[in-house]
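The structure under discussion appears below in the form of structure tokens.
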Amino acid sequence: MTNADYLFVYGTLKRGFCNHHWLGGARYISAAKTVKDFALYTIEYPFLCHTPALYPVFGEVYQISASELARADELEQHPDDYCREVIEVLLEDGTPLMAWAYFHPRPQGRLLTEGVFTAGA
């Protein structure tokens, strides 16, 4: 892994949410959305799932070091709970980028009707 790795976050790791501090010194790059369609479920915090493929998911991209990624893995209980995968995202300016994202293997909770997790969703 190099220092140029990226992490796409869509839930409580975003700025202004309760787990953002787990990213440590990760550098915010841009708002972003997934290129492929996915689904977001929530039980107070979101679950990104491959199926059903309903909509692009919106979030933020961070440049992240190996130690910061290890902290995020700890929070997300990778690989026992969430599984980290590389996906393609589009930055706010339209630039494509490959980034890590955390997926949950099973849909849980309430399906969000749009690809955005907000406080109280």
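The values are calculated or read from the model by the stated rules, or taken from the named source; none is laboratory data. Please read all numbers here as calculations on a predicted model, not as lab measurements. Here the Cβ positions follow ideal geometry from the backbone for every residue, glycine too, while neighbour counts run over all protein chains shown.
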(request) Answer yes or no: is there a residue in segment 89-96 that is touching an Asp or Glu at 6+ places or on another chain (Cβ under 7 Å), modelled with pLDDT of 95 or more, under 23 Å from Asp5 (Cα atoms) and surrounded by fewer than 17 Cβ atoms within 10 Å (Cβ to Cβ). (result) yes
(message) So, in segment 55-93, how many residues would count as being assigned to a helix (DSSP H, G or I) and among the aliphatic types (A, V, I, L, M)?
(response) 5
(message) Being surrounded by 15 or more Cβ atoms within 10 Å (Cβ to Cβ), more than 14 Å from the chain's Cα centre (by Cα) and more than 16 Å from Asp5 (Cα to Cα) narrows it down to one residue among Tyr82, Tyr55; which is it?
(response) Tyr55
(request) Take Gln77 and decide whether it is of a type outside the set (A, V, I, L, M, F, W, C), under 15 Å from the mean Cα position of the chain (by Cα) and on the phi > 0 side of the Ramachandran plot. (result) yes
(request) Answer yes if at least one residue in segment 111-118 is part of a strand (DSSP E or B), surrounded by fewer than 17 Cβ atoms within 10 Å (Cβ to Cβ) and at pLDDT 90 or above, and no otherwise. (result) yes
(message) Out of Ala39, Ala31, I need the residue that is touching a Leu at 6+ places or on another chain (Cβ under 6 Å), under 16 Å from Val57 (Cβ atoms), among the aliphatic types (A, V, I, L, M) and in contact (Cβ under 8 Å) with a residue 12 or more places away in the chain. Which one?
(response) Ala39
(request) Within segment 1-60, track down each residue that is over 13 Å from Leu90 (Cα atoms) and of a type in the set (Lys, Arg). (result) Lys14, Arg15, Arg27
(request) For segment 104-114, name all the residues that are in contact (Cβ under 8 Å) with a residue 60 or more places away in the chain and either touching a Cys at 6+ places or on another chain (Cβ under 7 Å) or within 12 Å of Phe8 (Cβ to Cβ) (or both). (result) His104, Pro107
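Quick grid of which residues meet (1) in a loop (DSSP other than H, G, I, E, B); (2) of a type in the set (Gly, Ala, Ser); (3) modelled with pLDDT of 90 or more:
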| position | (1), (2), (3) |
| --- | --- |
| Thr2 | yes, no, no |
| Lys14 | yes, no, yes |
| Cys18 | yes, no, yes |
| Ala31 | no, yes, yes |
| Phe47 | no, no, yes |
| Thr51 | yes, no, no |
